[in-house]
Amino acid sequence: MPESIILDCDPGHDDAMAIILAAGHPNIDIIGITTCAGNQTIEKVTHNALAVATLVGLTVPIAQGASRGLVRPQIVAPDIHGESGLEGPVLPEPTMSLDPRHAVQFIIDEVMSRPPKTVTLVAVGPLTNIALALRQEPRLAGRVKQIAIMGGGTRGNRTPAAEFNIAADPEAAAMVFETDWPIIQAGLDVTHTVVADQAVLDRFAAIDSDLGRFISAALEFYGDAYRTMQGFPFPPVHDPVAVAAVADPSLVVLKDAFVAVELAGTWTAGMTVTDFHGLFGHAPNTHVIASCNVAAFWDEVFAAVAVIDAAKAS
């Protein structure tokens, strides 16, 4: 039976890939998309979410969420994602309207109205919406099946210590990791291994469809940004790894750890401190993705694209 998910995101090139994988994977049932400011402002990422949903033929509710973090000033990532948040491809004009609810209310309504342990949250942007939902409805944690996060790791990319999604709202991330619910974490240690290399780019270039051309253009811009800004020969596609771990757990190897978020460090704020060996004396609270079968991951992405193209052609 497919996993019912709410995809909380901040599109974003890799967020777009996460939406595409979720939309076309037979093991995923998207019950809604929520947006949070992150890679760009809330208005821009919400427009991008609507446009990508239009491109892939999704008609699920899309709800706009938090415009900034809980405490700290907003940060964005135009150096990687451009001024629109999704530079490179031509985006279609959205054909749907936003859900009238705030993303936080949408998450609460959907989780609390369904049977317990039947909804998975897949959060691939800053965790502000999730933290606000927990604060507003504390029973949420006991109703969610699990939460899969793209964020953190034992290295950083926004700072030497902190990954962008966690650095954008460390207080929200701390609340999420401190909550007693099943957590799957796709951090930089694994997502930096899942790259769109030349063979992957060539496979996308061979797809004669609007979606294939969209992905090729998106990855061209995204790849150029990663080469320029971070020295990667090919771009890592972080966010769909969290979707893949939910859709097909056989793709990943999990290792349990205690994960905490540093809030006070002068140089390390937003760092996810990962204790695999019980040195802090705390029980593990996170299933950390230690590795991913990259070839099989890409096969599932291409299969998802084929499913979407076939549905649009029918």
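No lab work stands behind these numbers, since they all come straight from the coordinates. As the structure is a computational prediction, the values presented were derived from the model and not from experiment. Backbone-built Cβ (ideal geometry, glycine too); neighbour counts: all protein chains shown.
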Table column - 3J(HN,Hα) (Hz), region 112-120, Karplus curve with 6.51, -1.76, 1.60, x for Gly and Pro:
6, 8, 9, x, x, 6, 10, 10, 9
Under 19 Å from a point placed 7 Å out from the Cα of Val71 along the Cα-to-Cβ direction: which residues of region 122-147 have their backbone N that close?
126-136
Taking 0.36 nm per residue of separation and subtracting the Cα-Cα distance, what length does fully extending Asp224 through Ala310 add?
27.9 nm
Which percent, nearest 5, of DSSP beta bridges in region 3-313 are antiparallel?
30 percent
Starting from the Cα of Ala283, move 7 Å in the Cα-to-Cβ direction to define the label point; list residues of region 183-215 whose amide nitrogen is under 16 Å from there.
183
Could you name the aspartates and glutamates in cross-link range of Lys44, using Cα to Cα under 14 Å and dropping any fewer than eight places away on the same chain?
Asp10, Asp15, Glu83, Glu87, Glu93
Residue-span extension gain [Thr95 to Thr54] - 0.36 nm each, minus C-alpha spacing
14.1 nm
Students often forget the sequence filter, so: which lysines lie under 16 Å Cα-Cα from Lys145 once same-chain residues fewer than 8 apart are removed?
Lys117
Around Ile62: net Lys/Arg minus Asp/Glu count, Cβ-Cβ under 12 Å
-1
Could you please state, rounded to a whole Å, how far the C-alpha centre of region 236-279 is from the C-alpha centre of region 11-55?
21 Å
Order by neighbour count: Asp29, Asp208, Asp15, fewest other Cβ atoms within 10 Å first, most last.
Asp208, Asp29, Asp15
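Within 12 Å, Cβ to Cβ, of Val294, how many net charges do the neighbouring residues add up to if Lys/Arg are +1 and Asp/Glu are -1?
-3
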